[in-house]
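Q: The following block contains the structure, expressed as structure tokens.
The values are calculated or read from the model by the stated rules, or taken from the named source; none is laboratory data. For clarity, every value in this text was computed on a predicted model and none was experimentally measured. Cβ placement follows ideal geometry from the backbone for every residue including glycine, while neighbour counts extend to all protein chains displayed. To get the accessible areas, we keep the full protein, side chains included, count just its heavy atoms, and leave off ligands, DNA and RNA. Shrake-Rupley method; radii C 1.70, N 1.55, O 1.52, S 1.80 Å.
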Amino acid sequence: MAAATAIEKVVLGALVARGYTPSEAEIVIAKLRETAKFDGTAQIEISSDGNYVAIADCLCMVRSPKKDEKRQGALLINVKGKEYWIPFVQVGPMSEVINPGDKGILVVKRWIAEQKGFVVGGKAATVLP
């Protein structure tokens with residue numbers, strides 16, 4: 001099994017950058033194929049399983065340091081000129097954006113997306129908050 005689509009190749013690279021071996025990353029991708037699917041047609045999109053939200057055109061400006069096992073730090077993300085602090089534990093394993101300077105798709109858990117206004121009334125916001 002190999003990463004078939006362009007997004008899967010990006011996810012593979014992001015996972016390897018996080019310390020996964022390529023074979024471990026392939027297993028994660030296989031699980032994501034079964035659960036969290038994005039069609040890539042929207043600025044903000046909820047995964048097919050409803051657990052993750054993808055936000056396009058993000059820039060990571062800062063990653064605060066890990067304080068302990070419970071406090072893993074946070075990312076300061078710029079989305080269309082607005083800044084948002086996202087706790088690192090809320091960032092999905094398939095996110096392209098994890099380190100300062102990273103640009104692309106930020107994938108977060110649905111709970112934090114709702115808290116930040118990216119999901120409103122159970123649907124992806126059509127206009128950024």
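Q: Given a 1.4 Å probe and the protein chains all in place, what does the accessible area of Thr21 round to, in Å² to the nearest 10?
A: Surface accessible to solvent at Thr21 totals approximately 60 Å².
Q: Once the Cβ-Cβ distance between Tyr20 and Phe88 is put in as r, and R0 is 22 Å, what FRET efficiency do you end up with, to the nearest 0.05? Don't jump to the answer; show the numbers that get you there.
A: Numbers: r = 16 Å, r/R0 = 0.73.
Once rounded, the FRET efficiency stands at 0.85.
Q: Which of Lys66/Lys123; Lys31/Lys80; Lys9/Lys80 have a Cα-Cα distance over 28 Å?
A: On the way: Lys66/Lys123 32 Å; Lys31/Lys80 31 Å; Lys9/Lys80 25 Å.
Table pairs above 28 Å Cα-Cα are Lys66/Lys123; Lys31/Lys80.
Q: For Thr126 and Ala56 in the same chain, what is the full-extension length gain: residue separation times 0.36 nm, less their Cα-Cα distance, in nm?
A: Details: separation 70, 0.36 × 70 = 25.20 nm, distance 1.23 nm.
Extending this stretch completely gives an extra 24.0 nm.
Q: Something else: How large, in percent, is the carbon and sulfur part of the accessible surface of the stretch 65-117 at a probe radius of 1.4 Å? Let's see the in-between values first.
A: Details: 1500 of 2880 Å².
The computed percentage sits at 52.
Q: Further, regarding this structure: Scan the stretch 50-129 for GluC sites (Glu not before Pro) in coil per DSSP, keeping those whose Cβ has at most 12 other Cβ atoms within 10 Å, and list them by number. Please list the in-between numbers first.
A: Values: sites: Glu69, Glu83, Glu96, Glu114; in loops: Glu69, Glu96.
Sites meeting the loop and neighbour criteria: Glu69.
Q: Now a separate question. Could you pull the accessible area for Asp57 with a 1.4 Å probe, rounded to 10 Å²?
A: It works out to around 90 Å².
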